[in-house]
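Report on the following structure.
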Amino acid sequence: MMSFDLDRFISDCSAAVSESAPTKAVREIVARAVSEPTALQQTLGTPARAEIQRLHVSDELTVLNVIWAPGMTLMPHNHNMWAVIGVYGGREDNIFWRRCENESHGRIEAAGAKSLGPGDVRPLGSEIIHSVTNPTSKFTGAIHVYGGDFFTLERSEWDPENLEERPYDLEKNLGIFERANVIWARGQD
């Protein structure tokens, strides 16, 4: 088994950002990392609570360890930058959305779906809108790499009931992770 070197991973991703096809280059780096899930977990820890761990944040690149609680769902949102997602444990179901034509409220409609399991990697273009669900009874761990500062860029989310666009609320979405931990803990009692 190979070991996962987080500093090397971040350095490789940072170098890939300046390549002519950064998403493709980062996808290859993430694919190598998630191909050894045990090595990743030895470095990052075994997923045991929903959270977003900031591994690296700069103006050009954000690297996160995103852990989804069992049954957790995050509403439709965009990133306004490219992203690469690699799952190393559990499952992440993505629904992809597109903006409805001739819609004044920024509504969206479902346009496809992709289920990601251990070892799967998915690049997302800067215009992608997606929602995420962990459909399993286990925690899901995934490396998310973004082509910019995930925490400061203005973006959108869509109300899950009426699918109308509104500004992305980072604090509210981070709170969803904490609420998922509370719900999961109650189910363990």
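Quick look at the numbers
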| item | result |
| --- | --- |
| Residues of type lysines that LYS24 reaches as a straight line, Cα spacing below 19 Å, ignoring anything fewer than 8 places off in the same chain | LYS114 |
| Top positive-direction residue, dipole computed over the chain with Cβ charges, set PRO76, ILE129, ALA185 | ALA185 |
| Surrounding net charge for VAL84, when Lys and Arg each add one and Asp and Glu each subtract one, Cβ distance under 11 Å | +2 |
| Centre separation in Å (Cα based) which lies between segment 96-140 and segment 21-61 | 19 |
| Distance in nm between pseudo-label sites at SER115 and ASP169 (7 Å out along the Cβ direction from Cα) | 3.2 |
| Helix-only CD estimate at 222 nm, as mean residue ellipticity for the chain, using -39500 (n - 2.57) per DSSP H run (n ≥ 4) | -8500 deg cm²/dmol |
| Relative contact order of the chain, defined on C-alpha pairs under 8 angstrom at six or more residues apart (%) | 27 |
| Residue (of TRP97, SER156, GLY117) at the positive-pole extreme of segment 65-189, dipole from beta-carbon charges | GLY117 |
| Local electrostatic count at ALA33 - Lys and Arg +1, Asp and Glu -1, tallied over other residues with Cβ under 13 Å | -3 |
| Nearest-20 debye value, segment 6-188 charge dipole, Cβ charges on Lys, Arg, Asp, Glu | 640 |
| Ascending count of other beta-carbon atoms within 10 Å, so fewest first, for THR23, THR62, THR140 | THR23, THR62, THR140 |
| Cβ-defined net charge surrounding ILE67, 15 Å radius [Lys, Arg +1; Asp, Glu -1] | +2 |
| Charge dipole of the chain about the Cα centre (unit charges at C-beta), most positive-ward option of THR38, ILE176, SER11 | THR38 |
| Stretch gain in nm, segment ARG98-ILE176, where the contour uses 0.36 nm per residue and the Cα spacing is subtracted | 25.7 nm |
| Per-residue Cβ neighbour rank within 10 angstrom, fewest leading, GLU36, GLU157 | GLU36, GLU157 |
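Taken together, the values in this text are just the output of simple stated rules run on the coordinates, not laboratory data. Only a predicted model underlies this, so the values are computations on that prediction, with no experimental measurement involved. Counting neighbours? That spans all protein chains shown, and the Cβs are built from the backbone with ideal geometry, glycine included.
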